[in-house]
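A short write-up of the structure that comes next.
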Amino acid sequence: MRIVSVVGTRPQLIKAAALVPALRRRHDEVFVDTGQHWDDAMAGVFFSELGLPRPDHSLHVGGGGHGDQTGRMLIALEPILAKERPDVVLVYGDTNSTLAGALTAAKLGIPVAHVEAGLRSLDRQMPEELNRVVADHLSRWCFAPTPSAVANLAAEGVHEGVVLVGDLMQDLAAHVGRDVADPSVLDAIGRQLALRLAPGEYVFATIHRAENREPAAMRAWVDLLERVAARGRTVVLAIHPGTREALAREAMSLGPGVCVVDPQGYRTSLALQLHAAAVLTDSGGIQREAAWLGVPCLVLRPVTEWLEAVEQSAGRMVVVGLDADRAMTELDRLAPPDHAVALARARSSSFELAPAGAADAIVAALERGA
């Protein structure tokens, strides 16, 4: 089978790192990088770190508004797909790269396979929600990571080609998590970031979604992070370039207790989560990783698509939005200052995560339907 995989962002590269080897063991896979995350800090380093093959086609699309970015991807993808003549085009997640890959393939009559199908926030103001819905309804195969994703597709009348496969990111986290479980990993990370890092003595944060780059939202989460830092917890904020630019436009800065660092590689990010007192994030990927690692996680959005992550967390994951008072209350409950160090050390010493087997399930489903 000839498969064209379309990726463009850090989370998609993580998923591809789990799936591409399984595809290439049995089939002819062509790897296309749109360049949606276009700099080395955001995406480039992931190729070497995760052992991904270099792209067969790099589109170098870069940034821009949703229409502009997606339009340039459509224009660039069409001749590639026409030349490669794949049996299936595989897209991941909920980005503009996902939408462009699915649309281009569908218009050329090429079957589409969507990894992470069926996720819904039920908020159509989110561009990611629109991308998911369109990709799902164009796809011949909808590879759902969770039972609620299957139920969402059924509610929209999508039944054919729906396969519950589990989460690709769990496969990778299970493998890499073992490599970063020893707290001594923080020594090298601390030297690299010029920070003093010790288990349970810091909070790890990421913020990147479009709604959290609006001025009012930024003021809210800046206040939230500064309140966390004022209580004696260092906040390590791995900042997305778009978020950094939005802060600069509004002339906003963060207090001295909030340490702003560039986006981190996959292993470093996983290590910073595992050994933190808690994680604060609006990222779907980080939410799931925190859940698998057993780290307390506050979701800085009003809703989440990852309902099972919340429901199965035994109360460790809480959707708090940008409510600073609630965030502080939950943080003190989940990671009490007097016990956060002991909790973090116990968590890392007992870390164990089984892979989901999603990669093999996806390959098998493609072969059954070919």
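Where the centre of each part is set by its Cα atoms, how far does segment 344-370 sit from segment 304-341, in angstrom? After rounding, the separation between the Cα centres reads 25 Å.
Mean sequence separation of contacting Cα pairs (under 8 Å, at least six apart), scaled by the length of the chain, corresponds to a relative contact order of 16 percent. The structure-derived value of mean projected area of the Cα convex hull in nm² appears in the list (i) 16.7; (ii) 23.4; (iii) 20.3 under the label (i).
Give me the 1.4 Å probe accessible area per residue for the chain, excluding ligands and nucleic acids, in Å². Walk me through the numbers before you get to the answer.
Working: 14680 Å² over 370 residues.
Solvent-accessible surface per residue comes out at 40 Å².
By accessible area, using a 1.4 Å probe on protein heavy atoms only, segment 8-163 has 53% of its surface on carbon and sulfur. So what's the angle, to the nearest 10 degrees on a 0 to 90 scale, between helix 215-230 and the longest Cα principal axis of the chain? In the chain, helix 215-230 runs at an angle near 40 degrees to the longest axis.
Which FRET efficiency, nearest 0.05, do residue 354 and residue 251 yield, Cβ-Cβ r, R0 45 Å? Walk me through the intermediate numbers first.
Values: r = 47 Å, r/R0 = 1.05.
Once the sixth-power term is evaluated, E becomes 0.40.
Using a Förster distance of 41 angstrom, determine the FRET efficiency expected from the C-beta separation of residue 231 and residue 25, and round it to 0.05. All intermediate terms of the calculation are to be shown ahead of the outcome.
Numbers: r = 50 Å, r/R0 = 1.22.
Rounded to the nearest 0.05, the efficiency is 0.25.
Fully extending the segment from residue 82 to residue 187, taken as 0.36 nm per residue of separation minus the present Cα-Cα distance, adds 32.8 nm. Backbone phi angles across segment 111-119, fed through the Karplus curve with coefficients 6.51, -1.76 and 1.60 (θ = phi - 60°), yield HN-Hα couplings of x, 10, 10, 10, 7, 6, 6, x, 6 Hz in residue order; Gly and Pro are listed as x.
Run lengths n ≥ 4 of DSSP H only: what is the helix-derived mean residue ellipticity at 222 nm for the chain, with -39500 (n - 2.57) per run over all residues, to the nearest 500?
Values: 16 runs with 177 residues, N = 370.
Value at 222 nm, helices only, nearest 500: -14500 deg cm²/dmol.
If you stretched the chain out fully between residue 326 and residue 214, how much longer would it get, using 0.36 nm times the residue separation minus the C-alpha to C-alpha distance? Each step should come with its number before you reach the end.
Values: separation 112, 0.36 × 112 = 40.32 nm, distance 2.09 nm.
Value of the extension gain: 38.2 nm.
A straight chain from residue 74 to residue 154 at 0.36 nm per residue would run longer than the Cα-Cα distance by 25.9 nm.
Let me check against my output: what whole-number percent is the relative contact order of segment 50-163, with C-alpha pairs under 8 Å and at least 6 apart? Don't jump to the answer; show the numbers that get you there.
Details: 168 pairs, mean separation 23.4, N = 114.
Worked out over segment 50-163, it gives 21 percent.
The values are calculated or read from the model by the stated rules, or taken from the named source; none is laboratory data. This structure is a prediction, so every number in the text was calculated from the model and none was measured. When we count neighbours, we look across all protein chains shown, and the Cβ atoms used for this are built from the backbone with ideal geometry, even at glycine. Heads up: the accessible areas ignore ligands, DNA and RNA and are worked out on the full protein's heavy atoms, side chains in. Shrake-Rupley method; radii C 1.70, N 1.55, O 1.52, S 1.80 Å.
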